[in-house]
Structure formats: C-alpha cells, structure tokens
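Taking it in order: structure first as structure tokens, then the write-up.
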Amino acid sequence: MHTYYVYMNITLSIDEALVERAREKLRATGRTINQEIREHLQHIVGDGDDELERDLEFLEKTAGRGNSAGWNWNREELYERR
C-alpha cells in the first residue's frame with residue numbers, strides 16, 4: 001500500500017507591502033511565507049494536537065526528576081551582573 005500526498009496551490013489576494021514586510025520578518029527566522037501559512041492552517045484544523053499531548057505527558061512524567069547536585073539558587077545570584 002502506498003500513500004500519495006497531493007498539494008493544492010491556492011491564490012491569495014494580499015497587499016504587496018504586507019507580503020514584503022512579512023518576508024523580511026520571516027527571513028530573520030529562516031522561514032518562508034508558505035511555511036508560515038501552512039502551519040497556521042494546520043493549527044486552525046487542529047493538526048499537531050497529538051504532538052502537544054505527547055509533550056504534556058512527557059513533562060508530567062519527568063517533572064521533579066532533575067538533579068541540581070545540591071545547588072540552590074537565590075535571587076541575588078540569579079540577577080548578578082558580570
């Protein structure tokens with residue numbers, strides 16, 4: 001059995017200046033407008049919720065299992081400037 005993915009091209013009407021501003025911001029993160037829109041649509045329909053559930057389960061299982069080797073921090077050390 002083989003799975004085939006079919007991608008659909010969509011034409012959007014978006015202000016050119018808005019697209020350029022978005023490209024500039026996304027360029028700094030190494031992402032494209034296409035990636036951003038695709039992920040946004042996946043978020044809208046709920047894709048990725050399984051991943052979130054797995055992450056939450058992992059955090060619940062591992063919470064409190066860290067090892068500080070006896071080190072405790074305090075506010076002064078946390079904000080100490082060097």
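The values are calculated or read from the model by the stated rules, or taken from the named source; none is laboratory data. Since the model is a prediction, treat every value here as computed from it, not as a measurement. Note: ideal-geometry Cβ built from the backbone for every residue, glycine included; neighbour counts use all protein chains shown.
With the condition kept exactly as written, say whether any residue in region 47-60 is surrounded by fewer than 10 Cβ atoms within 10 Å (Cβ to Cβ) and in a loop (DSSP other than H, G, I, E, B).
no
Among the numbered criteria (1) in a loop (DSSP other than H, G, I, E, B); (2) more than 15 Å from the chain's Cα centre (by Cα); (3) not small (Gly, Ala, Ser), which one does ARG21 miss?
(1)
Tell me the residue from GLY66, GLY30 that is more than 14 Å from the chain's Cα centre (by Cα), free of Cβ contacts under 8 Å to residues at least 12 places away in the same chain and either part of a loop (DSSP other than H, G, I, E, B) or surrounded by 10 or more Cβ atoms within 10 Å (Cβ to Cβ) (or both), please.
Sole residue among the options that is more than 14 Å from the chain's Cα centre (by Cα), free of Cβ contacts under 8 Å to residues at least 12 places away in the same chain and either part of a loop (DSSP other than H, G, I, E, B) or surrounded by 10 or more Cβ atoms within 10 Å (Cβ to Cβ) (or both): GLY66.
I need every pair where a residue in region 46-58 that is modelled with pLDDT under 80 has its Cβ under 8 Å from the Cβ of a residue that is assigned to a helix (DSSP H, G or I) and not charged (D, E, K, R), sequence separation at least 6 or different chains.
GLY48/GLN42
Would you check if GLU80 is loosely packed, with under 10 Cβ neighbours inside 10 Å, among the acidic types (Asp, Glu) and either assigned to a loop (DSSP other than H, G, I, E, B) or in contact with a helix residue (DSSP H, G or I) (Cβ under 7 Å, 6 or more places away or on another chain) (or both)?
yes
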